[in-house]
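**Q** Got a structure here, written out as structure tokens. Questions coming.
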Amino acid sequence: MDRRRLLALLAPLAAALSLPVHAQSPWPSKPVRIVVPAPAGSSLDLIVRAMSEKLGARWAQAVVVENKPGAGGMLGMDVAAKATDGHTLAIGFNGPVAFAPFLYRKMPYDPAKDLLPVIMTTSQANVLAVNADKVPAKTVAEFVAWAKAQNGKLNYSSLGNGSSAHLTMELFLSEAGITATHIPFNGSPPAAMAVAQGEADATFMVAPALLAHVRNNKIRMLAVSSAQRPDSLKDLPTLADAGYKNVESLAWNGLFAPAGTPDTVVARINTDVNELLKDPAVKATLDAQGMTAVGGSAADFKRVLDAEAKRWGPIITRIGVKLD
């Protein structure tokens with residue numbers, strides 16, 4: 001029996017079982033684009049670039065990193081949410097995925113409907129940091145006292161409206177009874193530079209963008225927002241240690257795919273990235289930047305997203321942060 005006749009006979013059975021007669025083309029079949037909704041040098045960018053070459057080797061396709069900062073990360077996530085080429089991913093974070101639905105009256109995409117969580121890459125504490133020249137405080141208590149004495153003239157930078165950095169500071173200010181002005185930037189490098197140069201007095205953000213300025217004695221780190229002190233920041237107290245137990249936050253990052261991406265592709269990416277997060281070279285790169293690799297299943301990541309929304313939704317409402 002020739003092949004054409006055999007396929008004709010098998011077609012009804014395949015349709016009944018919802019299976020394709022021809023095997024699907026292996027993924028990826030062309031270069032893979034990973035959108036980074038933050039500028040070069042940001043923690044998101046460092047994570048993707050630490051893995052991109054090794055992912056390319058595994059997939060036998062180029063992995064193209066595309067930086068698309070703007071709108072608190074929503075610009076880049078929107079690109080991924082609307083992608084239809086089957087080969088576009090994005091590395092997302094708290095702000096444009098878990099927080100944005102509570103902050104914005106209108107969004108260009110629906111995180112719950114348009115994006116699929118694939119794998120959490122890292123999770124790290126936000127760090128309360130201040131300009132080392134303008135701000136004399138060396139502890140959280142000293143900073144609170146100094147900030148209150150500024151009579152509302154305190155300002156702080158963040159890596160964007162609605163980011164974990166922004167909301168962590170707003171929560172801290174609310175708990176401490178401090179008034180301050182928010183100066184948002186597109187990403188952590190310019191937000192950290194603003195503090196280093198004295199344009200902003202303080203900030204909350206993850207450590208990587210701060211470290212060079214700390215070494216140059218331009219920025220002083222005071223505390224971390226995690227429940228436990230990270231191994232890479234053991235010398236810093238937690239905000240709970242300083243008396244602000246309600247100010248707890250982690251800035252997580254993870255890969256997302258557009259809705260409709262086949263389960264087999266999600267599973268392939270998840271498996272490969274999990275293995276790379278254990279790769280000694282990748283782990284060393286992340287450790288050097290104070291990042292903690294996480295990994296786990298796509299379902300694990302989805303549970304984190306749901307928990308973040310459940311926790312931060314009421315906090316955002318209580319502290320009254322609303323964005324247009």
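**Q** Where the accessible area of the chain is counted over protein heavy atoms with a 1.4 Å probe, how much of it, in %, is carbon and sulfur?
**A** 54 percent
**Q** Additional query: Do you know the relative contact order of the chain, to the nearest whole percent, from alpha carbon pairs under 8 angstrom that are 6+ apart?
**A** After rounding, I find 24 percent.
**Q** Suppose every K and R has +1 on its Cβ and every D and E has -1 on its Cβ; what is the size of the dipole of the chain about the Cα centre, in Debye to the nearest 20?
**A** Dipole size: approximately 340 debye.
**Q** Moving on to the next point. State, in angstrom, two size descriptors of the range 38-97 derived from its alpha carbons: Rg to one decimal place and Dmax to the nearest whole number.
**A** Looking at the range 38-97, its Cα Rg and Dmax stand at 11.8, 33 Å.
**Q** If you don't mind, another one. Mean projection of the alpha-carbon convex hull of the range 78-119 over all orientations, in nm²?
**A** 3.0 nm²
**Q** Would you mind calculating the gained length between GLU199 and ALA141 on full extension (0.36 nm times residue separation, minus the Cα-Cα distance), in nm to one decimal?
**A** 18.6 nm
**Q** Right, next: Starting at the first residue of the range 190-198, write each ³J(HN,Hα) from the Karplus equation 6.51 cos²θ - 1.76 cosθ + 1.60 with θ = phi - 60°, in whole Hz, x for Gly and Pro.
**A** Couplings: x, 5, 5, 4, 4, 6, 4, 8, x Hz.
**Q** Using amide H atoms built 1.01 Å from N in the peptide plane, name the residues 5+ places from THR238, or on other chains, whose amide H lies under 5 Å from its own.
**A** Under 5 Å from the amide H of THR238: VAL224.
**Q** How many angstrom lie between the Cα centre of the range 75-141 and the Cα centre of the range 149-226?
**A** Going from one Cα centre to the other spans 16 Å.
**Q** Report, in debye and to the nearest 20, how large the dipole of the range 20-145 comes out about its Cα centre when Lys and Arg carry +1 and Asp and Glu carry -1 on their Cβ.
**A** Using Cβ point charges on Lys, Arg, Asp and Glu, the range 20-145 gives about 120 debye.
**Q** With viscosity set to 0.692 mPa s at 37 °C, what whole-number translational diffusion coefficient in µm²/s follows for the range 250-324 from Stokes-Einstein and a Kirkwood radius over Cα pairs?
**A** It comes out at roughly 222 µm²/s.
**Q** Direction-averaged shadow area of the convex hull around the Cα atoms of the range 191-324, nm²?
**A** 10.9 nm²
**Q** I'd like the projected area of the range 182-260, averaged over all directions, using the convex hull of its alpha carbons. Report it in nm² with one decimal.
**A** Averaged projected area of the range 182-260's Cα convex hull equals 7.2 nm².
**Q** How big is the range 124-224 along each principal axis, measuring the range of its Cα positions in Å and listing the largest first?
**A** That works out to 29, 28, 23 Å along the principal axes.
**Q** Consider just the alpha-carbon atoms of the range 88-179 and return their Rg together with their Dmax, both in angstrom.
**A** Every Cα atom of the range 88-179 included, Rg and Dmax give 16.6, 49 Å.
**Q** Using the Kirkwood radius built from alpha carbon pairs, what does the Stokes-Einstein equation give as D for the range 24-138 at 4 °C and 1.567 mPa s, in µm² per second?
**A** Here the translational diffusion coefficient equals 82 µm²/s.
**Q** Accessible area per residue, 1.4 Å probe, Å², for the range 127-234: what's the number?
**A** Ligands and nucleic acids excluded, the result is 39 Å² per residue.
**Q** Something else now. Take the Cα radius of gyration of the chain and divide it by 2.2 N^0.38 Å, with N its residue count; two decimals is plenty.
**A** 1.11
The values are calculated or read from the model by the stated rules, or taken from the named source; none is laboratory data. Treat the numbers as computed from the prediction; the structure is a model and nothing was measured. When we count neighbours, we look across all protein chains shown, and the Cβ atoms used for this are built from the backbone with ideal geometry, even at glycine. Each accessible area value is taken on the protein alone, full model and side chains, heavy atoms only, with ligands, DNA and RNA left out. Shrake-Rupley method; radii C 1.70, N 1.55, O 1.52, S 1.80 Å.
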